[in-house]
1. I'd like the distance between the alpha-carbon centres of segment 33-49 and segment 138-193, rounded to an integer number of Å.
2. How much length, in nm to one decimal, is gained on full extension between ARG150 and LYS132, taken as 0.36 nm per residue of separation minus their Cα-Cα distance?
3. Full extension from ASP170 to LYS14: what is 0.36 nm times the residue separation minus their Cα-Cα distance, to one decimal in nm?
4. Of the listed peptides 100-106, 180-186, what is their order by residue-averaged count of other C-beta atoms within 10 Å, with the highest listed first?
5. Enumerate the amide H contacts of ASP47 below 5 Å, restricted to partners 5 or more residues apart or on another chain; note that Pro and chain-start residues carry no placed amide H.
6. Where both residues lie in segment 57-192, what percent of DSSP beta bridges are antiparallel, nearest 5?
7. Which value, in debye to the nearest 20, gives the size of the charge dipole of segment 66-203 about its Cα centre, when Lys and Arg are +1 and Asp and Glu are -1 at the Cβ?
8. Need one word for segment 88-141: rounded, prolate or oblate. Basis is the Cα gyration tensor (sqrt eigenvalues a ≥ b ≥ c); a/c below 1.5 gives rounded, then a/b vs b/c decides.
Amino acid sequence: PCNVLAMLQKLGRKTAFIGKVGRDGFGFQLEKALKEVSIATDNLCFDDVRTTLAVVQKKSDGDRDFFFYRNPGADIMLRPEEIQENLIKMTKIFHYGSLSLTNEPVRTATRKAVGIAEEAGVIISFDPNLRKPLWKTDALAREQIEYGVRHCQVLKISDDEISFLTEEADIEKGVKKILKKYQPALICATQGKNGSIAYSANHFLIFDSFFYQRGY
């Protein structure tokens, strides 16, 4: 989500982050990073639990492997009562991913935030951002990702995540299943070096990999 906010800031939009870090060097470093790109930190909370760490290893084919230090991590300690309702009610788009659905209490906090956004008529954007090492079981991951897909109008999802959710190797078949079952208004399906495709119920647009790889 912070990557999305940083890109929106570069496009001249106002953004704010909701989440929790530890009262440690890494947590304060992350707070500083948010402020440096002008992402509002009014709802950035702190905890005595250490900040979660993620180590990313880039593979030869351009894909990535993720390793996490999070047992527990400060991000999963965000509580429902720490959500600032007015911050969500005054926004136009609420974006989140499944990493805040892996554990309690942040799962309940996330669902509370989604409920506030829905009641306020805010557009909801969801990115499954599946990281299997953070889930106890694949079944739990699929259940929570399905929640996210049911409660969004805009879905950003990768080819691997489409296969995981629909058990379809073919992206278009998987997307059709998602459109039929969950009915999001827009699906942005990413395919790594092959670019991405945006689907709606009636048509799709192809975004060339040249643009996707360069972050346009």
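The values are calculated or read from the model by the stated rules, or taken from the named source; none is laboratory data. Predicted model, so just to flag it, every value in this text is computed and none were measured. Virtual Cβ from ideal backbone geometry, glycine too; neighbours counted across all protein chains shown. With ligands, DNA and RNA removed, areas are computed over all heavy atoms of the protein, side chains included. Shrake-Rupley method; radii C 1.70, N 1.55, O 1.52, S 1.80 Å.
1. Segment 33-49 and segment 138-193 have Cα centres separated by 30 Å.
2. Details: separation 18, 0.36 × 18 = 6.48 nm, distance 2.04 nm.
Full-extension gain reported as 4.4 nm.
3. 52.4 nm
4. In decreasing order of mean packing, 100-106, 180-186 become 100-106, 180-186.
5. Amide H neighbours of ASP47: VAL21, GLY22, ARG23.
6. Counting DSSP beta bridges with both partners in segment 57-192, the antiparallel share is about 15 percent.
7. Value, rounded to 20: 60 debye.
8. Prolate.
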